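First up is the structure itself, then whatever we jot down about it.
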Amino acid sequence: MKLNVKLFAMLQEQLGNVVTVDVPEKPTADQIKQAVSVSSPNLQQLIGTSRLAVNQEFTSSGSLDVSPTDEVALIPPVSGG
Amino acid sequence: MKLNVKLFAMLQEQLGNVVTVDVPEKPTADQIKQAVSVSSPNLQQLIGTSRLAVNQEFTSSGSLDVSPTDEVALIPPVSGG
Amino acid sequence: MYYLNISDSPIDVNALYQKLKDPQYGGIVTFIGTVRQWTGNIETRFIDYSAYHPMAERQLEKLAAPIEAQGARVVIEHRTGHLELTDEAVFVGVAAAHRGDAFRWCEYLIDTLKKDVPIWKKETDTDAVRWGD
Amino acid sequence: MYYLNISDSPIDVNALYQKLKDPQYGGIVTFIGTVRQWTGNIETRFIDYSAYHPMAERQLEKLAAPIEAQGARVVIEHRTGHLELTDEAVFVGVAAAHRGDAFRWCEYLIDTLKKDVPIWKKETDTDAVRWGD
């Protein structure tokens, strides 16, 4: 299944606004993160500490009921305030 | 020794800006407070919870090295803020 | 350097806040106490504040100095005289490098002001006149 | 009712403060984060903030709603875009009946905002460009 993953901050600067990744059905957040980092090994650590959001909600652990029409985003450590 | 004691808030409303009291040399704060309350038994409780200040500093316990030229004040419980 | 003031003039929150802004500080915490209408089932109409000048100012200095000595900036203003509902009675502001310190110091200042600074309120409620709080 | 906003417009501290004033509240605590010049020996020239809209706004709502449910009022504004030294990056204000609650909730809000709201800073320092803090 192909998912478009929105990127922000340093990830966006390095990889663009969106990357498309190929993941199994009902993937875990880690599987999606790994799929993003495959093409960018130098960002592996940052992607590892990033959180996944689906439809603008942070995901919890376990498999995600996500489809290509959902809004998936990779949230690097935030630094507002 | 006669001391002029400045009054504030409710004490001032009841007894005026200043009362003059007669106290022994090197009086304690309690002796000064008692001298004020002698003439106003209905204010005894409020005077009891008031603090004494000499030259605009709160006094600590024990005898006070105070003379008639010092600025003595009776500070009822404060309620600013 | 701290700014401390007790006077009958209305509190200009924005002007006091501007005194706290400085490139060396990243966090500014302010407490503003305003005249509240209801305290339980007691309704306040207005409040008159009085102070023992300049002892009250000296007490504020004693509170502010140790905090400024730790590198923060302190701004405190207390209004006296006649205050209506929602009027600002007190402004306590602390600017510090780190926000945790600013929160701690600001709360310490207002807590201690309420115990040790000779200022009094005379509250005119709909049912009675009350001194203190 | 809470007021929450994330935008490129400069933060108008006084206008936000006015939203917190209300006869039902006696204590207003605000935290304002401004762009600081020095962090240790690193000198900041300017900061650019970006956000994930509208997820960031939704996260703010999640923070504000439980506090408003306890009877307080919450006002939060975060600026995005290009900020110079001393510019306000964030305003967090809580009005409550009791000041202890207002302090606790205001600090909770800024602490949690800094962990859970998708906003990022890109700091241009004199020696390097740094993401995050």
Under 5 Å between amide H atoms, partner at least 5 residues away or on a different chain: which partners does D:ARG45 have, H built in plane at 1.01 Å? D:THR124, D:ASP125, D:THR126
Using 1/(1 + (r/R0)^6) with R0 = 41 angstrom and r between the beta carbons of C:PHE46 and C:ALA97, what's the FRET efficiency to the nearest 0.05? 0.55
Averaged over the residues of D:115-128, the number of partner chain Cβ atoms within 10 Å of each residue's own Cβ comes to 4
GNM flexibility winner over chain C from C:ALA69, C:ALA89, C:ALA97 (Cα, springs under 10 Å): C:ALA69
Looking for one value pair here: nearest-to-axis residue in chain B (by Cβ) for the rotation onto A, and the distance in whole angstrom. B:GLY81, 14
At R0 = 45 Å, how high is the FRET efficiency between C:ALA69 and A:ARG51 if r is their beta carbon distance? Nearest 0.05 is fine. 0.60
Looking only at D:GLY40, D:GLY100, D:GLY27, which one moves most when chain D is put into a Gaussian network model with springs between Cα atoms under 10 Å? D:GLY40
What is the magnitude of the charge dipole of chain C about its Cα centre, with +1 placed on the Cβ of each Lys and Arg, -1 on the Cβ of each Asp and Glu, and no other charges, expressed in debye to the nearest 20? 340 debye
Assuming R0 = 25 Å, can you tell me the calculated FRET efficiency for the pair C:TYR108 and C:MET1, based on Cβ-Cβ distance, to the nearest 0.05? 0.85
Taking a label point 7 Å from Cα toward Cβ, how far is C:GLY40 from its twins in the other copies, in nm, shortest first? 5.4
Under the definition of partner shielding as Cβ atoms of other protein chains within 10 Å of a residue Cβ, what is the mean value for peptide A:6-18? 3
Dipole of chain D, positive end: most advanced residue of D:TRP38, D:TYR49, D:ALA69 [Cβ charges, Cα centre]: D:ALA69
Percent relative contact order of chain B, based on C-alpha pairs within less than 8 angstrom and at least six residues apart? 37 percent
Shortest first and in nm to one decimal, what separations exist between A:GLN14 and its copies in the other chains, measuring from label points 7 Å along the Cα-to-beta-carbon line? 7.4
About its Cα centre, what dipole magnitude does the protein assembly as shown give when the only charges are +1 on Lys and Arg Cβ and -1 on Asp and Glu Cβ, stated in debye to the nearest 20? 380 debye
Per the helix-only model, the protein assembly as shown has a calculated mean residue ellipticity at 222 nm (DSSP H runs of ≥4, -39500 (n - 2.57) each, divided over all residues, rounded to the nearest 500) of -8500 deg cm²/dmol
Need one value for A:71-78: mean number of C-beta atoms belonging to other chains within 10 Å of its residues' C-beta atoms. 4
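Read-outs: derived from the displayed coordinates by stated rules, not from any lab. Note that this is a predicted model, so its numbers are computed, not measured. Every residue, glycine among them, receives a Cβ derived from its backbone with ideal geometry; neighbour counts consider all protein chains shown.
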